[in-house]
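The values are calculated or read from the model by the stated rules, or taken from the named source; none is laboratory data. Predicted, not measured: the structure shown is a model, and the values here were computed from it. Heads up, the Cβs are rebuilt from the backbone with ideal geometry, glycines too, and the neighbour counts pull from every protein chain shown. Accessible surface is based on the protein model in full, side chains and every heavy atom, while ligands, DNA and RNA are left aside. Shrake-Rupley method; radii C 1.70, N 1.55, O 1.52, S 1.80 Å.
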Amino acid sequence: MATQDGVSIDTKNLNLQIKAINEVFKQIPKEVAQYKVWTKFWRQVTKPLAKAAHDNAPIAKRDIPYPPDKSKTIKKGTLKESIGFFQTKASKEHLGGYIGPRVKRKFAKNKGGYYGAWVEFGAEVKHFGEHFSKDQPFMQDAFTEKSHTVLETGLKDAETIFERVMKSHEKRLQKYGKLGY
């Protein structure tokens, strides 16, 4: 049993569940891209965690000036809307993903998620080398609330995704044969 900041995780149970899910996904034919299946899995399983983080995220009382360019402002509520599932090149290589404030695509222009760490760890991170702020750990609270839900539903969701992938694979083989991939 590992604990971190008051959150206890049964690592033995976690390892058993991950091994069981991995065994389910190993049965998928080699023609189907593994990272796509795992992405579907993580996107589905982490929805409750993303919703909890979205609900816990604070909303600023007013629009915030963007520090490097004072002519720009960050609209209030942008941090809350930027929370979701995303992947990086490294997380794709390890068949995983992240839940948190996004800073790319539609959130790159309005700078919505880049200051999420300042909100989460405000008392530990010095802003522009000048001052600290009050921390509001919305992501830690969401993890504390919903981590057990992610673990409990993981195997069931893996089986559902496995069935959908296999059905899609069979349809594709019937329609195009081996040349479908």
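In this structure, does G97 turn out to be at pLDDT below 70 and either buried (at least 16 other Cβ atoms within 10 Å of the Cβ) or within 14 Å of the chain's Cα centre (by Cα) (or both)? No; evaluated as a whole, the condition is false for this residue. Only residues that are modelled with pLDDT under 85 and hydrophobic (A, V, I, L, M, F, W, C) were counted in region 38-71, giving 3. If I ask for residues that are open to solvent by less than 50 Å² (accessible area, probe 1.4 Å) and not in a loop (DSSP other than H, G, I, E, B), which ones from region 25-35 would you list? F25, the sole residue that qualifies. Taking the criterion of being of a type in the set (A, V, I, L, M), outside any helix (DSSP H, G or I) and open to solvent by less than 90 Å² (accessible area, probe 1.4 Å), would at least one residue in region 9-17 satisfy it? Yes, that holds for at least one residue. Return the total of residues in region 130-159 being among the aliphatic types (A, V, I, L, M), under 14 Å from the mean Cα position of the chain (by Cα) and at pLDDT 85 or above. Final tally of qualifying residues: 2. Looking for something touching an Asp or Glu at 6+ places or on another chain (Cβ under 7 Å), closer than 30 Å to K19 by Cβ and at pLDDT 70 or above - is there at least one such residue anywhere in region 116-129? No: region 116-129 contains no residue that is touching an Asp or Glu at 6+ places or on another chain (Cβ under 7 Å), closer than 30 Å to K19 by Cβ and at pLDDT 70 or above. Residues that are crowded, with 17+ Cβ neighbours inside 10 Å and under 12 Å from the mean Cα position of the chain (by Cα) within region 49-68 comprise L49, A50, A52, A53, H54, listed in sequence order.
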